[in-house]
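Engineer: Got a structure here, written out as structure tokens. Questions coming.
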Ligand code: MLT
């Protein structure tokens, strides 16, 4: 018999669905004690839990928002489709960049973090979509840390990045991203007005502790006294 009343569990489940930030990504959100939020973007085959320790290492007080890429390549999550190694499906990349930007804006409202203090932290495929956010939807970010990034696309319209700080960490022996590609990305961002710092590490495509320490000091410079004491 229909009573007209939905079971309480269903109603509650629907309510939770309504309350999730839209457009939706599987994600982790960990509130912090500072205004800054790190948007953590994993590499191919990663997930929303991968970069949480990295986020904590970079800023132990920041909130962490970590979505999982929605594209599956042989079962491995990514943030956008590629046709081959380093050859991207540009329409998909544009759509996914906008979808991710809308998610970050919705998540700021939903969780109540400052929408103007979001720093992207991306590794590899995650760094490439972070670079795409800088080029297509820069209003979402206040700064970006890009580990092993390449030029994701050249936008039709140059973005205005005059108040944007960007840190790029490259591996001198990276078999996927040649040094010339890192330089090309830095030039594209600088031409749009960004304040870009590039650091080269004697490393391959994998992240090293030197990358993490250098990015951490760039994000929050250590107090002057301590800096003098450092080797
Ligand atoms: C990409 O597809 O974004 C780059 O080739 C990096 C990678 O995920 O291997």
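The values are calculated or read from the model by the stated rules, or taken from the named source; none is laboratory data. A quick note: this is a predicted structure, and the numbers were derived from the prediction, not measured. Neighbour counts are summed over all protein chains in view; Cβ atoms, including those assigned to glycine, are modelled from backbone coordinates with ideal geometry.
Engineer: List the number of the failed condition for residue 195; all other conditions in (1) under 20 Å from residue 99 (Cβ atoms); (2) more than 16 Å from the ligand (Cβ to nearest atom) hold.
Structural biologist: Looking at each condition in turn, residue 195 falls short on (1).
Engineer: Identify all residues within the range 146-172 that are in a strand (DSSP E or B) and either more than 16 Å from the ligand (Cβ to nearest atom) or surrounded by fewer than 21 Cβ atoms within 10 Å (Cβ to Cβ) (or both); write none if there are none.
Structural biologist: Listed by number, the residues that qualify are 165, 166, 167.
Engineer: Now a separate question. Does residue 190 fit the bill of being crowded, with 17+ Cβ neighbours inside 10 Å and either modelled with pLDDT of 95 or more or within 12 Å of the ligand (Cβ to nearest atom) (or both)?
Structural biologist: The answer is no for residue 190.
Engineer: When the residues of the range 111-135 are narrowed to those that are away from the ligand (no atom under 15 Å from the Cβ) and assigned to a loop (DSSP other than H, G, I, E, B), which ends up surrounded by the most Cβ atoms within 10 Å (Cβ to Cβ)?
Structural biologist: So the residue we want is 113.
Engineer: Among the residues of the range 201-216, how many are within 23 Å of residue 42 (Cβ to Cβ) and surrounded by fewer than 15 Cβ atoms within 10 Å (Cβ to Cβ)?
Structural biologist: 4
Engineer: Something else about it: Suppose we filter the range 54-81 for residues that are within 13 Å of the ligand (Cβ to nearest atom) and either within 20 Å of residue 108 (Cα to Cα) or touching a residue at least 12 places away in the same chain (Cβ under 8 Å) (or both); how many remain?
Structural biologist: Number of matching residues: 9.
Engineer: Is there a residue in the range 63-86 that is under 23 Å from residue 204 (Cα atoms), under 16 Å from the mean Cα position of the chain (by Cα) and not in a loop (DSSP other than H, G, I, E, B)?
Structural biologist: Yes; the residues of the range 63-86 include at least one that is under 23 Å from residue 204 (Cα atoms), under 16 Å from the mean Cα position of the chain (by Cα) and not in a loop (DSSP other than H, G, I, E, B).
Engineer: Here's something else I'd like to know. In this structure, does residue 90 turn out to be in contact (Cβ under 8 Å) with a residue 12 or more places away in the chain, within 25 Å of residue 189 (Cβ to Cβ), within 14 Å of the ligand (Cβ to nearest atom) and surrounded by fewer than 18 Cβ atoms within 10 Å (Cβ to Cβ)? If you could, list the steps in order and put the result at the bottom.
Structural biologist: On the way: in contact (Cβ under 8 Å) with a residue 12 or more places away in the chain: yes; within 25 Å of residue 189 (Cβ to Cβ): yes; within 14 Å of the ligand (Cβ to nearest atom): yes; surrounded by fewer than 18 Cβ atoms within 10 Å (Cβ to Cβ): yes.
Criteria met by residue 90.
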